[in-house]
Amino acid sequence: MNQSDFVGASPEKVLKSVFGYDSFRLLQKDIISHVLSGRDTLAVMPTGGGKSLCYQIPALIFDGLTVVVSPLISLMQDQVATLNAAGVSAVFLNSTVDWEDYVDSMNAIRRGETKIVYVSPEGLATARIRDLLHDERVTVKCITIDEAHCVSEWGHDFRPDYLEISSIMKQFPSAVCLALTATATKQVREDIVRNLGLENPEVLVSSFDRANIYLNVVPKQNGLAQIVDCIRRHWGESGIIYCFSRKQVDTLTEQLEKLGYSVLNYHAGLSDEERADHQTKFIRDEVQIMVATLAFGMGIDKPNVRFVIHHEIPKSLEQYYQEIGRAGRDGLASEALLLYSAGDIHKIRYFFDEAVDREKSEQLLQGMIGYATSRTCRRKTLLGYFGEKYNPGEASREAGSCCDVCDLGEIPQVDMTVPVQKLLSCIIRTNSRYGASYVIDVLLGSRQKRILENHHNELSTYGIGCELDRDQWFELVNALLDEEYLTKTEDYNVLQITNKGSAALRNRETVRLSLSFARTAGDAPAAGNASRDGLAASAAFMPKNRAASGANGGMMFPKPVSKKSRGKKQLSAAYTVQMANALTQDGSGQSAENAALIDALKKWRRKEAAEENVPPYIIFGDKTLYELVALKPRTHEDLLMVTGIGERKAERYGEAILRVMCDS
C-alpha cells in the first residue's frame, strides 16, 4: 500500500498494516485520539513505551506535514531509518545532511511527498526551516516536541533552546501540539505546559513502571569486579556503563579492554568524529559495551541493551530513571545496577556551587540518595517519587522479582541498641562536627592522620565498633537517618543527633532496625560466643556474598575473552527463560533446533543490516525473531501474524525470512 492510502484511515489499520502490531498499549490509543481531534496533549510514557507511534500514526492519517522537534541527531537518524524501512517517507534536516540531499528533502516536503520531518530546536528557529514550513504548498498539521522535559528547569536535562519552541508554535495556530517525555514529575509537567504555551492540553501520564528491568543497588566495594560480575550475568549482550567523569570513563574502558571485553568510551573529550564512530559501532552491535558520561544515550533507540550500570550515583531520580530506561526497550529482561558509595555524593555536591539553584539541586539529590539507601521495594520507592502507587500487575508477576530488596525478602528487625549507643556516643564525643565516614573511622580505630591530629584516638569510643564493618556501619547510619534518630546538615553532611536520638541514648531505649546485613542473624553462633556487648559476632551480620569473600569481595574475574569468541551468545538466566518460553510455544520442545534457528535469523539480520547500512534492529527487533521461531510461519500471510512485521516489511523481507526458516 502507498502511504497516501492511509490518509483518513483508522489508527488500528495503520498500526497493523504499517508497523505490524495487533493492539495498542499503555495510553497510545488515547493520545492518538486526542491528537487526531486537534487537542494539544502532553503525554508522559516510560522509555520503550511506544511514544513514537503516538505521532507517527497521526502523521500518516493527517493530510499534511508533522514536524518533530528532537534534541539529538542520533534519534533523528534512527527514527527516519525505522520509518523508511516500514515504507513511510520521513526525513531529518540538520547539519549532517549534504546540501544536495538537504535541498531534495525540502523539495519533497513542498511536493507533499514527506509525512514527517525531524528538526532540532536550534534548527526550528532558523530562517531556512521557518520559510519552508510557511511555504504555501506546506500544511503543518502537527508539531511534536520529543524529550519535552528539556523545557523545564526542574528537569534533569534542561536546554535553553527548548524555550524558543513556543514562539515558533504560535506561528502555526491550526497545528495540534504533542509534547512527549519519559520523565516528568508534577512540577516538570506544569513547566512543560506553561513554557510551551499549550492551550487547555490533555495531560496523560502512563505508569512509570518498567517491569522487565530488575533494579539492583549494591554498596560499591570493588567497582571493577562488581561491573565485571554484572557483565558476566549478561554475557555477550549490549550494555551501557555510566561514569561521573571523563577520567573514570577512560580508566574503566582501558581496564575492561585489558580483560578482553568488547568496549568503547564516549565523552565530550573525544572529537566529534570519534564520538560518532563509537556510537555507531555500539548501535550496530559491532561493540558490546559503551562506557560513557551522561552525554551518551538520550534518544538512542537501540532496543537490545540488556544492562545499564551506574558506577556513581546520579544527580537525581529523573536522570537515573531516564538512563536505566535505555535498557530493555524491547520488553525483554534487563538489569539496572547502581554501585552506591556515600563518597560519590561529595563529587556531585562539589559542583553545586555552579548550579543555578543549589537548594533545588540538593533536593533532587536527596531523592536519589533515598532510593539508593531504601530498605523497602525499590520499584515502590521509584514509582512513589513520580507520584505513582506501585501495584504489581501481571507483567510484574511474570517478570519475577523486581529488585534486590524484594529478592532477599522482608528485612527483619533486629536489636541494634548497643551499636546505636556506640555510634551516638561517638558523635557526641567528636562534638557533632563530622560526617558519617569520619565517625565510622573513629569507631573502627583508624590511624588516619586527621584522627590522630584531633586526638580522637584518645576517645573512649575509639576502636570500639569492630563488630561491624565499614559498609554495615554506613547502613546503620542510613537506617537511623530514616528513623529520625539522626539528621545531617545540608552543606557538609555533618551527623547530628535529633531529640528522638538523644532520648533513646539518655533513657537506654531498645532500638530495633531493619538492616539487610542482619539477614543471616539466624546463623549466628551460640549465645556463649556472643561479644561482650551482647551483639552477635560480626560473622552473623556479614552479607552472604561477603561471608567468604576474597580480595575482590567474593567476585572472580572471568578469563579474558578472545577476539574470536567475543560475539558468542551466552544469555543471562532471566533472558534465557524468556527466550525459552518463546521457543516452546509451539510445543515442540526442540530447544537446540530452535536456538539454531535464532542464530540463523540473527546472522541473516546482521548481513541484511550491513548491506543497508543500518543497525540490525531497524530490520527486526529480537522480540520479532523470537516470535518467528515460536510461530514458525510458512507463508506470506503467516508472516503478517508476527509482531513487528507490517505489509511493507513482509513484502521486502518475507521471502528471505521464509528461506531461512526452511533451511534451518
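What to note about this one:
- Taking (1) of a type in the set (Val, Ile, Thr); (2) open to solvent by 10 Å² or more (accessible area, probe 1.4 Å); (3) in contact with a strand residue (DSSP E or B) (Cβ under 6 Å, 6 or more places away or on another chain) in turn, Ile116 satisfies each apart from (2).
- For the stretch 628-648, a tally of residues being modelled with pLDDT of 90 or more, under 23 Å from Val305 (Cβ atoms) and either open to solvent by 20 Å² or more (accessible area, probe 1.4 Å) or in contact with a strand residue (DSSP E or B) (Cβ under 8 Å, 6 or more places away or on another chain) (or both) returns 0.
- Residues being charged (D, E, K, R), assigned to a strand (DSSP E or B) and closer than 17 Å to Gly223 by Cα - total across the stretch 305-347: 1
- Which numbered condition Ile427 fails, given (1) at pLDDT below 85; (2) closer than 17 Å to Phe474 by Cα: (1)
- Residue match in the stretch 464-483 (condition: more than 24 Å from Arg375 (Cα to Cα) and modelled with pLDDT of 95 or more): yes
- Annotation: of all residues in the stretch 1-23 being under 17 Å from Thr643 (Cα atoms) and of a type in the set (D, E, K, R), the one that is surrounded by the fewest Cβ atoms within 10 Å (Cβ to Cβ) is Asp22.
- Applying the criterion of at least 3 residues that are within 23 Å of Val18 (Cβ to Cβ) and aliphatic (A, V, I, L, M) to the strands (runs of 3 or more DSSP E) found wholly in the stretch 46-131 leaves 65-69, 116-119.
- When residues of the stretch 591-647 are limited to those that are of a type in the set (Lys, Arg) and either assigned to a helix (DSSP H, G or I) or under 27 Å from Met76 (Cβ atoms) (or both), the one nearest to the chain's Cα centre (by Cα): Lys623
- Members of the stretch 239-257 that are in contact (Cβ under 8 Å) with a residue 24 or more places away in the chain and among the basic types (Lys, Arg): Arg246
- Residues that are buried (at least 21 other Cβ atoms within 10 Å of the Cβ) and part of a loop (DSSP other than H, G, I, E, B), drawn from the stretch 29-45: Asp40, Met45
- Counting the residues of the stretch 261-304 that are of a type in the set (A, V, I, L, M), part of a loop (DSSP other than H, G, I, E, B) and touching a Ser or Thr at 6+ places or on another chain (Cβ under 8 Å) gives 3.
- Tally, over the stretch 482-501, of residues that are open to solvent by 40 Å² or more (accessible area, probe 1.4 Å) and under 18 Å from Val414 (Cα atoms): 3
- Long-range neighbours under 8 Å by Cβ, at least six apart or interchain, first residue free of Cβ contacts under 8 Å to residues at least 12 places away in the same chain and over 21 Å from Met45 (Cβ atoms) within the stretch 7-28, second open to solvent by less than 60 Å² (accessible area, probe 1.4 Å) and among the hydrophobic types (A, V, I, L, M, F, W, C): Lys13/Phe6
- Exactly one residue out of Leu15, Leu75, Leu42, Leu65 is within 27 Å of the chain's Cα centre (by Cα), within 16 Å of Tyr118 (Cα to Cα) and not aromatic (Phe, Trp, Tyr): that is Leu75.
- Residues within the stretch 265-296 that are hydrophobic (A, V, I, L, M, F, W, C), over 24 Å from Glu608 (Cβ atoms) and open to solvent by 30 Å² or more (accessible area, probe 1.4 Å), tallied: 3
- The stretch 69-99, subset of a type in the set (S, T, N, Q) and without any contact (Cβ under 8 Å) to a residue 40 or more places away in the chain, residue least open to solvent (accessible area, probe 1.4 Å): Asn94
- Among helices (runs of 4 or more DSSP H) entirely within the stretch 132-249, having at least 1 residues that are of a type in the set (D, E, K, R), open to solvent by 40 Å² or more (accessible area, probe 1.4 Å) and out of contact with any helix residue (DSSP H, G or I) (no Cβ under 8 Å at 6 or more places or on another chain) singles out 186-196, 223-233.
- In the set (1) surrounded by 22 or more Cβ atoms within 10 Å (Cβ to Cβ); (2) outside any helix (DSSP H, G or I); (3) hydrophobic (A, V, I, L, M, F, W, C), the condition left unmet by Leu26 is number (1).
- Which listed residue, of Ile227, Ile192, is among the β-branched types (Val, Ile, Thr) and within 18 Å of Met290 (Cβ to Cβ): Ile227
- Of everything in the stretch 312-354 that is modelled with pLDDT under 85 and hydrophobic (A, V, I, L, M, F, W, C), the residue that is surrounded by the fewest Cβ atoms within 10 Å (Cβ to Cβ) is Phe351.
The values are calculated or read from the model by the stated rules, or taken from the named source; none is laboratory data. All of these numbers come straight from a predicted model, not from anything done at the bench. Methodologically, a virtual Cβ is constructed for each residue, glycine included, from the backbone with ideal geometry; neighbour enumeration extends over all protein chains shown. For accessibility, only protein heavy atoms count, side chains too; no ligands or nucleic acids. Shrake-Rupley method; radii C 1.70, N 1.55, O 1.52, S 1.80 Å.
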